[in-house]
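Taking it in order: structure first as structure tokens, then the write-up.
The values are calculated or read from the model by the stated rules, or taken from the named source; none is laboratory data. The structure presented is a predicted model; accordingly, all values stated were derived computationally and were not measured. Neighbour counts run over all protein chains shown; Cβ positions are idealised from the backbone, glycine included. Side chains included, ligands, DNA and RNA excluded: accessible areas come from the protein's heavy atoms. Shrake-Rupley method; radii C 1.70, N 1.55, O 1.52, S 1.80 Å.
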Amino acid sequence: MCDICVMNSVKERMLSRRGFFKGSAAAAAGAVAAGGITATPALAEGHSGVVDLTHTLSADFPTYLGEPGFGAEQVWNFADAGFNLFNLTINEHTGTHIDAPLHFSADGLSVDEIPVADLVAPLCVVDIAARAAEDADTQVTPDDLQAWIDANGDIPDGACVAMHSGWSAKVDSDAFRGFDGEAQHYPGFHIEATQMLLETGARSIAVDTLSLDHGISADFATHYAWLPTGRFGIENIAGLDQVPASGATVIIGAPKHRGGSGGPARIFAMV
């Protein structure tokens, strides 16, 4: 069968299915209105809203190495083919993304092997934004973690502990990388804070910067301490100024490509 015949056949089936589902939806709505069906709440009990914690990915998004990490080539367009389709080229560690254990270990879990139970987690937000505004090289310290614990209680098992440095607001400027010609400058987790978290039941850590380690790090101490234990990281998270220090639940839409060392993720919080 010729290409245009295939496309026309697909469009006809899509239109037919669209009419069927439209009719089904109308019937369902009528049943709800008549009291025949009880609507299910959209959010789990205890949460009343959703906050997007994901930056929009584009070719302009800053990367650790300074080179574009995302590309989209349009293969089919609606005007000519009746549908749109793009081929994507993506560096795994671009945009809001996961660092799988494999990223900094020889044989750690790949991104598709991260237990799904670890992808739904209590969110603990450690706010160092005021200090970061004065010192781009500051880090989350054990004192910051202890202050969070004193205010909110113990870090829950399975938690995602996130650094809120305010860096997300800089994403459209050179200040996000903070590159001075020799090194990058932005906050991250101090190795001593990382070691403290390894003594808890936390399963992931997140930063609103390009790296789990602060920008001037030369040894990636936090990466090497955290990831080989089977835990994972999140980099370039957004929206932490819109969630509470404790009480939110984070949903981590990790990619699932076989053998991956990480990948862009859609992340949101139920608050």
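When you go through 153, 188, 181 one by one, which is the residue that is in contact (Cβ under 8 Å) with a residue 40 or more places away in the chain and at positive phi?
153
Hey, does region 86-97 have a residue that's at pLDDT below 50 and either in contact with a Leu (Cβ under 6 Å, 6 or more places away or on another chain) or not hydrophobic (A, V, I, L, M, F, W, C) (or both)?
No, the conditions are met nowhere in region 86-97.
For the subset of region 163-176 comprising residues that are touching a Pro at 6+ places or on another chain (Cβ under 8 Å) and outside any helix (DSSP H, G or I), which member is farthest from residue 126 (Cα to Cα)? Reasoning before the result, please.
Within region 163-176, the subset touching a Pro at 6+ places or on another chain (Cβ under 8 Å) is 163, 165, 167, 171, 176.
Within this subset, residues satisfying the condition of being outside any helix (DSSP H, G or I) are 163, 165, 171.
Working: 163: 5, 165: 8, 171: 20 Å.
The residue in question is 171.
What is the one condition in (1) more than 30 Å from residue 147 (Cα to Cα); (2) modelled with pLDDT of 95 or more that residue 66 does not satisfy?
Result: residue 66 passes all but (2).
Looking at (1) surrounded by 13 or more Cβ atoms within 10 Å (Cβ to Cβ); (2) not in a loop (DSSP other than H, G, I, E, B), can you tell me which one residue 95 breaks?
(2)
I'd like the residue in region 121-135 that is in contact (Cβ under 8 Å) with a residue 60 or more places away in the chain and open to solvent by 30 Å² or more (accessible area, probe 1.4 Å) and, out of all such residues, is nearest to residue 161 (Cα to Cα).
The residue in question is 122.
Could you check region 177-216 and list, in sequence order, the residues that are outside any loop (DSSP other than H, G, I, E, B) and β-branched (Val, Ile, Thr)?
Result: 191, 194, 205, 207.
Identify all residues within region 227-255 that are surrounded by 20 or more Cβ atoms within 10 Å (Cβ to Cβ) and among the aliphatic types (A, V, I, L, M); write none if there are none.
227, 234, 237, 238, 240, 243, 248, 250, 252, 254
Return the residue satisfying two criteria in turn: it lies in region 74-92 and is touching a residue at least 40 places away in the same chain (Cβ under 8 Å) and within 25 Å of residue 171 (Cα to Cα), and of such residues it is least open to solvent (accessible area, probe 1.4 Å).
Within region 74-92, the match that is least open to solvent (accessible area, probe 1.4 Å) is 92.
Based on this model, can you work out whether residue 195 counts as open to solvent by 30 Å² or more (accessible area, probe 1.4 Å) and more than 23 Å from residue 239 (Cα to Cα)?
Here the answer is yes, as residue 195 does meet what is asked.
Please enumerate the residues belonging to region 237-271 that are touching a strand residue (DSSP E or B) at 6+ places or on another chain (Cβ under 7 Å) and of a type in the set (Lys, Arg).
Within region 237-271, just 266 meets the criteria.
Working only within region 213-226, note down all residues that are of a type outside the set (S, T, N, Q), under 15 Å from residue 101 (Cβ atoms) and buried (at least 23 other Cβ atoms within 10 Å of the Cβ).
226
Can you pull out every residue in region 256-271 that is open to solvent by 30 Å² or more (accessible area, probe 1.4 Å), of a type in the set (A, V, I, L, M) and within 15 Å of the chain's Cα centre (by Cα)?
270
From 162, 100, 151, 117, grab the single residue that is within 16 Å of the chain's Cα centre (by Cα), open to solvent by 30 Å² or more (accessible area, probe 1.4 Å) and closer than 17 Å to residue 202 by Cβ.
After applying the criteria, what remains is 117.
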